[in-house]
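Chemist: Please find one structure pasted underneath; my questions will follow.
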Amino acid sequence: MNKKLFGVLLMVIPVLSSAQLMITEVYRDTPYSEYIDVNYAPYQNPNPDLYEKLRKRHRGEFVEIFNASDTDLNLKDWKLRDDEGSFDLPDKIIKSGQFVVVVANNNTGGDYFPGFFSTTQGKDNQIIYQNAFKLNNANESISLIAKNIAGHNILQEYVASGLSFQQENNNFGISAGFDAVANPSIFYEVKDWQYGYNTPQFPNPLNATILPPIKPLNDYVGDILYQNYDILTWDVNAENLINNKCDTYIASVAQSSNTGTTSGGKSFNYDLAGNSTAANVYSPNTNPGSSSGYSADELEQIKTAIQLSPNPTYDIVNVSITGIAQGKVSSLQVFSSLGALLFTKNNLQNPSDFNFSFSLGNQITGVYVANFTLNTGQVVSKNILKY
């Protein structure tokens with residue numbers, strides 16, 4: 001085989017490797033001839049045999065991806081991009097510690113790859129064929145890009161892993177046009193980049209000898225999520241978010257109400273910063289049959305019967321006062337996390353006001369508080385997350 005593999009100098013520059021999926025092998029310089037001189041007459045009107053060789057010139061190229069986290073991930077949240085195109089990975093689970101290879105498919109089949117590389121035989125479910133991009137033998141940059149992080153949409157693409165190949169001469173790895181289908185062993189005579197090595201290695205797809213360490217998913221993405229905490233939801237991230245962002249405890253001071261006949265039943269509850277907790281303000285009871293307002297159980301039932309949807313929301317919040325809460329809610333006040341009053345609605349004891357809406361569309365991302373004042377003067381609060 002008349003094949004010059006790397007020319008005078010080939011530099012492989014890692015771009016980044018700090019996320020749960022990473023590139024672990026790139027095989028871009030195959031035995032097929034890649035270079036085409038468009039001024040060469042036979043290439044302008046090739047006969048069927050030459051046409052077939054030209055059509056196949058990228059066959060065997062692949063990018064290997066490894067899941068280095070302790071969590072199974074969906075590839076649909078990722079894409080591969082080179083200097084000329086990009087490919088959105090399919091809706092497919094890659095298990096912790098598992099490989100996939102993304103393979104050039106400019107042929108009529110789409111199942112040729114195990115015939116070239118015996119390490120992939122019997123692993124068809126780990127082979128992904130694509131036509132979106134083809135790898136250059138000379139200068140080339142390959143990036144593995146996260147479209148979201150750990151299931152959370154992010155505002156901009158995040159380059160998780162990548163490589164840049166730079167070759168200082170014009171050697172394009174021209175071969176004699178071998179029939180690689182009939183002679184797959186010729187692929188093992190060509191070397192390219194693998195994770196953990198400083199020198200070119202023989203291709204070894206889906207069977208690496210040096211692996212990135214398996215780490216907890218949060219070790220890879222925790223800092224990214226905390227830096228973009230506004231994308232987090234109320235699920236598994238809530239505790240981490242609170243501990244990370246709200247580590248200051250503010251004690252409270254309070255005065256119990258005097259229930260004497262001349263006291264007026266007033267009380268207060270403030271934290272040390274001077275913020276009043278309205279839910280604990282006592283007012284004379286106006287609910288027949290109760291001497292001190294609704295019980296804790298009744299308040300919880302009323303709170304449950306007040307429904308806010310959707311929550312989280314991008315804009316509109318729909319309020320529904322149902323069941324036990326109907327006739328017991330007097331008014332609503334919506335506050336920002338800084339205490340600014342954004343919305344008020346009164347006279348909510350009328351059936352015509354049991355269902356209504358308000359908008360947070362012009363507000364910033366964050367947490368908002370909806371305070372519902374009851375006919376006893378007691379207040380129940382519900383949180384709203386605004387994307």
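The values are calculated or read from the model by the stated rules, or taken from the named source; none is laboratory data. Since we're looking at a predicted model, the values are computed, not measured. Ideal geometry is used to build each Cβ from the backbone, glycine not excepted, and the neighbour counts take in all protein chains shown.
The rows are residues; the columns are (1) modelled with pLDDT of 90 or more; (2) farther than 19 Å from Pro310 by Cβ.
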position: Asn347; (1), (2): yes, yes
position: Ser359; (1), (2): yes, no
position: Gly366; (1), (2): no, no
position: Ala370; (1), (2): yes, no
position: Lys382; (1), (2): yes, no
position: Lys386; (1), (2): no, no
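Chemist: Here's a follow-up. Filter the stretch 293-338 down to the residues that are in contact (Cβ under 8 Å) with a residue 60 or more places away in the chain, within 11 Å of Ile384 (Cα to Cα) and assigned to a loop (DSSP other than H, G, I, E, B) and list them by number.
Modeler: Scanning the stretch 293-338 gives Asn311, Pro312, Tyr314.
Chemist: For the subset of the stretch 83-110 comprising residues that are at pLDDT below 90 and surrounded by 14 or more Cβ atoms within 10 Å (Cβ to Cβ), which member is nearest to Thr209 (Cα to Cα)?
Modeler: The qualifying residue nearest to Thr209 (Cα to Cα) is Ala104.
Chemist: OK, next. Going residue by residue through the stretch 22-32, is there one that turns out to be within 20 Å of Asn218 (Cα to Cα) and modelled with pLDDT of 75 or more?
Modeler: Yes: the stretch 22-32 contains one or more residues that are within 20 Å of Asn218 (Cα to Cα) and modelled with pLDDT of 75 or more.
Chemist: Only residues that are within 38 Å of the chain's Cα centre (by Cα) and in a loop (DSSP other than H, G, I, E, B): list them for the stretch 355-377, please.
Modeler: Within the stretch 355-377, Leu360, Gly361, Asn362, Gln363, Ile364, Thr365 qualify.
Chemist: A follow-up question, please. State which residue is surrounded by the fewest Cβ atoms within 10 Å (Cβ to Cβ) when the search covers only the stretch 113-146 and only residues that are touching a helix residue (DSSP H, G or I) at 6+ places or on another chain (Cβ under 9 Å) and among the aromatic types (Phe, Trp, Tyr).
Modeler: It comes out as Tyr129.
Chemist: Which one of the conditions (1) at pLDDT below 90; (2) farther than 27 Å from Thr209 by Cβ does Met11 fail to meet, given that it meets all the rest?
Modeler: Just one mismatch for Met11, condition (2).
Chemist: Filter the stretch 205-235 down to the residues that are of a type outside the set (A, V, I, L, M), modelled with pLDDT of 85 or more and touching a helix residue (DSSP H, G or I) at 6+ places or on another chain (Cβ under 6 Å), then identify the one that is nearest to Ala68 (Cα to Cα).
Modeler: Asn207
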